[in-house]
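Reviewing the structure listed below.
Each value in this text was obtained by applying a stated rule to the coordinates, not by laboratory testing. Fair warning: this is a prediction, and the values are worked out from it, not measured in the lab. So basically every Cβ, Gly included, is an ideal-geometry build from the backbone, and we count neighbours across all protein chains shown.
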Amino acid sequence: MIDLYFAPTGNGLRATVALEEAGLPYQIHRLDLYKGEQHSPGFLKINPAGLIPVIVDPDGPGGKPLILNQSGAIVLYCAEKSGRFIPADAATRALAMQYFVQAASDISGASMTIFRLEVTAPEKSTANVDYFKKRLKDAFLVCEQALQGNEYLVGELSVADLMLYPSFALRRSLVEDDEAYSNLHRWADNMASRPSVQRGMAYAG
Ligand SMILES: N[C@@H](CCC(=O)N[C@@H](CS)C(=O)NCC(=O)O)C(=O)O
């Protein structure tokens, strides 16, 4: 049984969605980030960076325990462990990694910056928030184009979709009712209809 150290953020939900889609048994340990539980000595032993998500797999590679943080590493680990979501075709796999890294870097970066500027930064600035919202919407437009005529980002369900979906779902209101993002909305509705995604996202509340 995998232990998941979790809070209901985009990064945390990437882990629950990936674990559910991969069909790997896990139990959740919730941390209250507002109470600073990520800085407790017990948790810092598991992740010295004091960040969720983290998984502890007692049955890691070679049968040895594995402690793993970074949402992207967790998504890839679940995919590899289940033997799914990593395209067999080399070109398709390369493109899946491109969209995976875009979600991990450009999209997560802009989304996290919006959160920091709106909630935790000492000085508030509407202009800076708007700037990062525009950057995030531009990154979503790249996905929109990839989804033109495609059910999933690279045609088949891959780690790229598992990485993008929780981030998009939490920021969907930015592009709600916007026709320019119609492929992305269709894709998100399709993702949201998957029972495994529903189970993973149910931890959002
Ligand atoms: N790049 C990391 C980011 C992890 C991260 O920033 N986690 C946030 C929640 S989404 C966190 O634990 N924040 C607690 C803090 O900043 O004290 C990932 O993808 O997992």
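How far, in nm, would the chain grow between residue 33 and residue 176 when pulled straight, counting 0.36 nm per residue and subtracting the alpha carbon separation?
Fully extending the segment from residue 33 to residue 176 adds 48.7 nm.
In percent, what relative contact order does the chain have, based on Cα pairs under 8 Å that are 6 or more apart in sequence?
It rounds to 27 percent for the chain.
Principal axis lengths of the stretch 141-205 from Cα atoms, whole Å, largest first?
Projected onto the principal axes, the Cα atoms of the stretch 141-205 cover 29, 26, 16 Å.
Please arrange 140, 43 by counting, for each residue, the other beta carbons lying within 10 Å of its beta carbon, fewest first.
In order of increasing Cβ crowding within 10 Å: 43, 140.
Under a no-solvent Debye model with one identical scatterer per Cα of the stretch 15-58, what's log10 I(q)/I(0) at q = 0.14, 0.15, 0.19 Å⁻¹?
Here the Debye-derived log intensity ratios amount to -0.37, -0.42, -0.64.
Along the positive direction of the dipole of the chain (beta-carbon charges: Lys, Arg +1; Asp, Glu -1; about the Cα centre), which of 195, 148, 39 reaches farthest?
The residue sitting farthest along the positive end of the dipole is 39.
Applying 1/(1 + (r/R0)^6) with R0 = 30 Å to the Cβ-Cβ distance of residue 202 and residue 142, what FRET efficiency is obtained, to the nearest 0.05?
In this case the efficiency is close to 0.55.
Taking amide hydrogens as modeled 1.01 Å from N in the peptide plane, which residues meet the under 5 Å criterion relative to residue 29, leaving out close sequence neighbours?
Under 5 Å from the amide H of residue 29: 4, 5, 6.
Would you look at the GNM of the chain, springs on alpha carbons closer than 10 Å, and say which of 16, 92, 120 moves the most?
Looking only at 16, 92, 120, the biggest GNM fluctuation is shown by 120.
Per 10 Å bin, what percent of the C-alpha pairs of the chain does each bin hold, from zero upward?
Spelled out per bin, shortest first, that is 9, 34, 36, 18, 3, 0.
Who wins for biggest fluctuation among 158, 71, 40 in a Gaussian network model of the chain, springs between alpha carbons below 10 Å?
Fluctuation is largest for 40.
Does anything in the stretch 148-182 have its amide N under 19 Å from the 7 Å Cα→Cβ label point of residue 86, and if so which residues?
153-164
Calculate how many DSSP beta bridges within the chain are antiparallel, expressed in % of all such bridges and rounded to the nearest 5.
60 percent
Can you work out D for the stretch 90-194 in µm² s⁻¹ from Stokes-Einstein, where Rh is the Kirkwood radius over C-alpha pairs, the temperature is 10 °C and the viscosity is 1.306 mPa s?
Calculated translational D: 112 µm²/s.
Give me Rg over Rh for the stretch 1-87, both radii from the alpha carbons and Rh done the Kirkwood way, two decimal places.
In the stretch 1-87, Rg relative to Rh is 0.96.
Which order do 29, 39 fall in if you start with the one that has the fewest other Cβ atoms within 10 Å?
In order of increasing Cβ crowding within 10 Å: 39, 29.
Quick check on the exposure proxy: order 143, 78 from fewest to most C-beta atoms within 10 angstrom.
Ordered by Cβ neighbours within 10 Å, fewest first: 143, 78.
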